[in-house]
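Only one structure is covered here, and it is reproduced in the block below.
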Amino acid sequence: DEDGIGAHDPFDPIELYGYYIGLHVNQRHRGITMRYAIAMPAGWSQERRTSVLVGLRRGIFRSLPAGIVDYHDTTALEVVDAGPAVLNFAVHALRAFGVQAKEIGTPFAAIDAGASETGLICGLYRPSKGDEKTEGYDRMIEHLSAGSILWLGGERLLSRLAYRLVSANGNAIRSAGVMI
């Protein structure tokens, strides 16, 4: 980064993550990508979602190669919210399993068991109508707002499992000299 990162700059792990995403995606033999869509957990508040988008954009911006990208080109850098991850998961699953959109709509439900939460979404998968077709869409998804079960995530369950194992076997762990 030409401006450099000084001691006065606060550490932002989201920005660092965005920086490494940018370094991986934007390489000379792949070209420069200026549009990013970020899917996030369904249970996150709008403030948290906005904060993550700002941090990721800042990190991706810092990763852009100064010799290849002109400063004026960076105004085209877009980092947008792609909605809840469970919605993107549902779209992918509908394609992967070859589900056909019926005229009356094909009902679906998707459950995305993630690391920090489990996301849920229900909706209809249908062919596009009138104005939607003129805008270039073939199929549409109408859905209820996504929900989440915050306590039902893989990392949280593993943490609870580890706690229960240690608490149930405390004496055996201490006598074996196991470091935790």
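The values are calculated or read from the model by the stated rules, or taken from the named source; none is laboratory data. Worth saying up front: this structure is predicted, and the values here are computed from it rather than measured. We place every Cβ from the backbone using ideal geometry, glycine too, and count neighbours over all the protein chains shown. We work out accessible area using only protein heavy atoms, side chains counted, and drop any ligands, DNA or RNA first. Shrake-Rupley method; radii C 1.70, N 1.55, O 1.52, S 1.80 Å.
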With label points set 7 Å from each Cα along the Cα-to-Cβ direction at Ala176 and Ser128, the distance between them in nm comes to 5.9 nm
Among Gln27, Pro84, Ser128, whose Cα lies farthest out toward the positive end of the dipole of region 1-153, if unit charges sit on the beta carbon of Lys, Arg (+1) and Asp, Glu (-1)? Ser128
Dipole check, region 60-180, charges on Cβ (K,R +1; D,E -1), about Cα centroid: among Leu158, Leu64, Val178 the Cα furthest to the positive pole belongs to Val178
With Rg and Dmax of the Cα atoms in Å in mind, check [x] 22.1, 73; [y] 17.6, 56; [z] 24.3, 79 and report the label derived from this structure. [x]
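So which chymotrypsin sites (Phe, Trp or Tyr not before Pro) in region 96-177 end up in coil per DSSP with only 12 or fewer other C-beta atoms within 10 Å? Please report the intermediate quantities before stating the final value.
Details: sites: Phe97, Phe108, Tyr125, Tyr137, Trp151, Tyr163; in loops: Phe97, Tyr137, Trp151.
When the chymotrypsin sites (Phe, Trp or Tyr not before Pro) of region 96-177 are filtered for loop state and at most 12 Cβ neighbours within 10 Å, Phe97, Tyr137, Trp151 remain.
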Solvent-accessible surface (1.4 angstrom probe) belonging to Glu15, in square angstrom, nearest 10: 30 Å²
In terms of the Cα gyration tensor, with a ≥ b ≥ c the square roots of its eigenvalues, is region 63-153 rounded because a/c is under 1.5, prolate because a/b exceeds b/c, or oblate? oblate
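Counting Lys and Arg as +1 and Asp and Glu as -1, each charge on the Cβ, what is the dipole of region 97-156 about the Cα centre in debye, to the nearest 20? The partial results should precede the final answer.
Working: 6 positive and 9 negative charges, 35 e Å.
Dipole size: approximately 160 debye.
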Taking K and R as +1 and D and E as -1, what net charge do the other residues with C-beta under 14 Å from the C-beta of Ala90 add up to? +1
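On average, how much accessible surface per residue is there in the chain, in Å², for a 1.4 Å probe, leaving out ligands, DNA and RNA? It would help to have the intermediate numbers written out before the result.
Working: 12600 Å² over 180 residues.
Using a 1.4 Å probe on heavy atoms only, each residue of the chain averages 70 Å².
Rounded to the nearest 0.05, what FRET efficiency do Glu103 and Leu144 give with R0 = 25 Å and r taken as the Cβ-Cβ distance? Could you check? Could you put the intermediate results ahead of the total?
Numbers: r = 21 Å, r/R0 = 0.83.
E(calc), rounded to 0.05, equals 0.75.
In debye, nearest 20, what is the charge dipole magnitude of region 7-136 about its Cα centre with +1 on Lys and Arg Cβ and -1 on Asp and Glu Cβ, if you could check? Could you put the intermediate results ahead of the total?
Values: 13 positive and 14 negative charges, 72 e Å.
Using only the charged Cβ atoms, the result is roughly 340 debye.
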